[in-house]
1. So which residues in the stretch 1-44 are closer than 18 Å to Ala222 by Cβ, modelled with pLDDT of 80 or more and either in a helix (DSSP H, G or I) or in contact with a Leu (Cβ under 7 Å, 6 or more places away or on another chain) (or both)?
2. Out of Tyr197, Tyr231, I need the residue that is touching a Gly at 6+ places or on another chain (Cβ under 9 Å), closer than 20 Å to Ala139 by Cα and of a type in the set (Phe, Trp, Tyr). Which one?
3. Would you mind stating whether Ser115 is surrounded by 12 or more Cβ atoms within 10 Å (Cβ to Cβ), touching a Pro at 6+ places or on another chain (Cβ under 6 Å) and either among the small types (Gly, Ala, Ser) or modelled with pLDDT of 85 or more (or both)?
4. Restricting to the stretch 251-264, name every residue that is in contact (Cβ under 8 Å) with a residue 24 or more places away in the chain, within 23 Å of Arg136 (Cα to Cα) and more than 18 Å from the chain's Cα centre (by Cα).
Amino acid sequence: MAGLPKEEGENGVVSEGPIIRTEDLPWLIGTVEAKKGRFKFWRRSMERSRKLKWLLVNTFPDESRDGDAGVIPISPIIIINSSGPGRQQHRKKMISLWEEDRSCMEWLERQEERSVVYVSFGSWVSSSPIGEARVRSLALALEATGRPFLWVLRSSSGWREGLPAGFVERNMCSGRGRVVCWAPQTEILQHRSVGCYLTHCGWNSTLEALQFRVRQLCYPLAGDQFVNCAYIVQVWKVGVRLNGFGERDVHEGLQTVMHDHHMDSRLASLHQAAFIQPPLPPLLNHFLHQLQPPPSIHIH
């Protein structure tokens with residue numbers, strides 16, 4: 001079994017889950033040989049996991065109801081406290097591998113509430129398949145929307161070469177947009193001025209967006225991001241998938257995600273279930289109980 005689909009189509013991977021297109025399967029990246037190699041790795045990992053007594057998964061309990069008895073979905077692992085009613089919460093110092101440009105926080109303070117489009121494709125940008133042409137298209141599309149935007153675009157990724165001439169300076173001078181190399185993402189996502197998040201749908205970024213109840217504009221790039229996107233759009237219905245970076249694609253995507261009047265209630269319900277003191281699943285309780293040392297035996 002090579003893992004290459006014999007025909008294109010859509011399939012439901014799990015009951016009550018999203019419909020996944022064959023081209024969105026996580027291992028179908030790169031050349032034919034690369035796809036075969038990734039599929040072999042995935043298969044080998046799954047076979048090895050069957051020998052484990054326990055497998056803890058950083059996900060929502062309801063998403064794994066049909067899983068194996070030894071698979072324990074634990075509540076999303078988060079660092080920032082979001083127990084209060086609002087998005088502007090207590091912040092803790094986060095450790096970052098790259099220096100953050102905190103001037104963007106001052107810029108956010110000057111923007112209207114829920115007006116900013118936050119754009120970031122995560123830390124894995126140097127090898128992800130966007131390219132200069134699509135960076136240019138997205139830049140022009142963001143300008144055409146007339147909305148304020150904050151775009152995280154690392155200079156070392158090579159993507160900046162795709163930006164139109166004068167794009168960074170023009171938008172910085174007008175105050176309409178900012179392009180930074182790296183930013184404090186959790187602080188940005190909980191800021192009052194952020195209206196939506198244009199994301200690659202990496203799992204950590206997805207959890208952070210859900211934690212702070214931010215609508216998502218999805219553009220998955222590789223691996224599990226396509227499956228994450230399907231949950232965001234089809235199952236949880238707290239985001240919209242972009243088909244491309246053309247002006248019409250971005251405009252229509254933003255219109256849909258920003259004007260869905262029911263999305264806030266869905267985000268609130270999901271946030272309550274996943275982040276506000278969710279009960280420990282019975283299996284996790286059983287797992288924790290087994291970790292406890294046996295009672296000492298006293299011989300008189």
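1. Val32, Glu33, Ala34, Lys35, Lys36, Gly37, Arg38, Phe39, Lys40, Phe41, Trp42
2. Numbers: Tyr231 fails: closer than 20 Å to Ala139 by Cα.
Just one listed residue meets the conditions, Tyr197.
3. Values: surrounded by 12 or more Cβ atoms within 10 Å (Cβ to Cβ): yes; touching a Pro at 6+ places or on another chain (Cβ under 6 Å): yes; either among the small types (Gly, Ala, Ser) or modelled with pLDDT of 85 or more (or both): yes.
When the stated conditions are applied, Ser115 passes them.
4. Hit for the stretch 251-264 is His251, nothing else.
Table: residues versus (1) touching a Pro at 6+ places or on another chain (Cβ under 9 Å); (2) surrounded by fewer than 21 Cβ atoms within 10 Å (Cβ to Cβ); (3) closer than 19 Å to Gly122 by Cα.
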site	(1), (2), (3)
Phe226	yes, no, yes
Cys229	yes, no, yes
Val235	yes, yes, no
Val238	no, no, no
Leu242	no, no, yes
Gly246	no, yes, no
Asp249	no, yes, no
Leu254	no, no, no
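The values are calculated or read from the model by the stated rules, or taken from the named source; none is laboratory data. Not measured: the values here are computed from a predicted model. Neighbour counts run over all protein chains shown; Cβ positions are idealised from the backbone, glycine included.
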